[in-house]
Amino acid sequence: MKFQEITEKEYRTFWENHPLKTFLSAPEIAKLREKENWETNYVGVKEGKKLIAATMLLSHERHFHKKEFYSPRGYLLDWNNKDCITFFTEELKKYIKEKGGYIFRVDPYIIERQRDIDGNIVEDGVDNRDSVKHLESLGFHRTPIEDTEQVVWMFSLDLEGKTEEEILKEMKPNTRNQIKKTEKFGITVKEISYEELPRFQNIMVETGERKGFKVRKLSYFQEMYKLFHDKEEVKYFITELDLKKYVDGLEKEKKEKIDKKNSLSDAKYNDGAKKNLENEIASFEKRIAESKEIMEKTGKEVITLSGSMFMLIKPEVIYLSSGNYEEYMKFNSQYLIQWELIKYGIENGFKKHNFYGIPANINEHPKDYGIYEFKRGFNGYVEELIGEFELPITWHYHLMKMIHKIRSK
């Protein structure tokens, strides 16, 4: 085995054909980081002329002119090949030290133990705890989950070999009903252009302020668009509702209920049916009034409900970011957008729809458990990655830790 620097072209070819490929390990992410003063190196291990392992190394200067090195979703290799992992790590330590690095971080794209839809361990399922132990034997320390840079817990749905009908049938009844309702309402899903990205950003800002999370700047979404969109590897969507058409539909349904109620005789046995119809009519009247109020308030017949960002790099569709206008959440448009992208994944040969982040240890009902419940409704399974690890390179690692600890206090 031989460790060496490789070209971006060599790395990209290897990445394109690797089963652990994901958008975070794409060379485009390096170009995004370079705009924030990170540097990029590509390194790998060869057996003869064949590349058997590779990783993208990002680095930037921290205190005392020492550099932090990070490999997003590295290494790309066979995680059962312990000799290769050991060799690669030992050579990386030397390489990073020569480059002025004091720490190396990595967050492999492999699950720790296979889990089911409820987050329970699958007996005799995939188990990568040996990989965790091996990394720790090489000097890596596991980062506490609250300090990891990337998502550790995810929720996914397999698409390979399934039809739309099969996936729809396997969903929770409420999720299936919500999708049907959004279609009935006439909600539409629209892919937006680069020039329209501020619309998506506005939704994200409103959602972030409401839920208390930090929202990326518009420039991030614009750069991601420029880097990935030409190959259709990123798409931004908004959902819209034509209120006039929606009200016309409600008026039609309301009339049908009124006609049905009027067709019933005054016989005692019709009292229950009449009462149910009266409640339905009242519900239609309420929704009609609310919709007309929105039109009057906004001066618009077509309103924007929500927005979502998806990464589409095979083998998976990743639901990366989303937001909703609070006053329009009752229309549940996010159900429709997920369904549209699930159908897109099936039609275009994706193996998995990854709903991405969920709270850790969901079987303990943590904060934001509702995020998991929403995604769970589509059916699928929980995935817990092995997490982030950091490897001390020089004694400066311990000094930096002490500085960060003091500052955090």
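The values are calculated or read from the model by the stated rules, or taken from the named source; none is laboratory data. Computed from a prediction, not measured in an experiment: that's the story for all the values here. With ideal geometry, Cβ positions are generated from the backbone for all residues, glycine too; neighbour counts draw on all protein chains shown.
Laid out as a table, the results:
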item: Unmet criterion (only one of (1) under 17 Å from the mean Cα position of the chain (by Cα); (2) polar (S, T, N, Q); (3) farther than 24 Å from Glu183 by Cβ) for Asn363; result: (1)
item: Lone qualifier among Ser131, Ser156 - being under 21 Å from the mean Cα position of the chain (by Cα), of a type in the set (S, T, N, Q), within 23 Å of Gln114 (Cβ to Cβ) and modelled with pLDDT of 95 or more; result: Ser156
item: Tally, over the range 372-409, of residues that are over 23 Å from Val126 (Cα atoms), of a type in the set (Phe, Trp, Tyr) and under 32 Å from the mean Cα position of the chain (by Cα); result: 2
item: Meets criteria (surrounded by 16 or more Cβ atoms within 10 Å (Cβ to Cβ) and not assigned by TED's automatic domain parsing to the domain that holds Met400) for Gly101; result: no
item: Counted residues, the range 68-100 - those being under 31 Å from the mean Cα position of the chain (by Cα), farther than 24 Å from Phe23 by Cβ and not in a helix (DSSP H, G or I); result: 2
item: Any hit, the range 342-363, residues being over 21 Å from Lys190 (Cα atoms) and part of a helix (DSSP H, G or I); result: yes
item: Residue count, the range 186-205 (criterion: part of a helix (DSSP H, G or I) and among the basic types (Lys, Arg)); result: 1
item: Candidates Ser283, Ser322 - the one that is buried (at least 17 other Cβ atoms within 10 Å of the Cβ) and among the hydroxyl-bearing types (Ser, Thr, Tyr); result: Ser322
item: Output for the range 206-238, where each listed residue is surrounded by 14 or more Cβ atoms within 10 Å (Cβ to Cβ), in a helix (DSSP H, G or I) and either of a type in the set (A, V, I, L, M) or in contact with a strand residue (DSSP E or B) (Cβ under 9 Å, 6 or more places away or on another chain) (or both); result: Glu206, Thr207, Gly208, Leu218, Phe221, Met224, Tyr225, Leu227, Phe228, His229
item: Check on Glu160, touching a residue at least 40 places away in the same chain (Cβ under 8 Å), of a type outside the set (Phe, Trp, Tyr) and in a loop (DSSP other than H, G, I, E, B); result: yes
item: Some residue of the range 366-376 being of a type in the set (Gly, Ala, Ser) and either modelled with pLDDT of 95 or more or surrounded by 16 or more Cβ atoms within 10 Å (Cβ to Cβ) (or both); result: no
item: Of residues in the range 1-28 being in contact (Cβ under 8 Å) with a residue 60 or more places away in the chain and of a type in the set (A, V, I, L, M, F, W, C), the one surrounded by the most Cβ atoms within 10 Å (Cβ to Cβ); result: Ala26
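Quick grid of which residues meet (1) in a loop (DSSP other than H, G, I, E, B); (2) closer than 30 Å to His404 by Cα; (3) over 23 Å from the mean Cα position of the chain (by Cα):
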site: Tyr11; (1), (2), (3): no, no, yes
site: Lys21; (1), (2), (3): yes, no, no
site: Leu24; (1), (2), (3): no, yes, no
site: Val45; (1), (2), (3): no, no, yes
site: Leu51; (1), (2), (3): no, no, yes
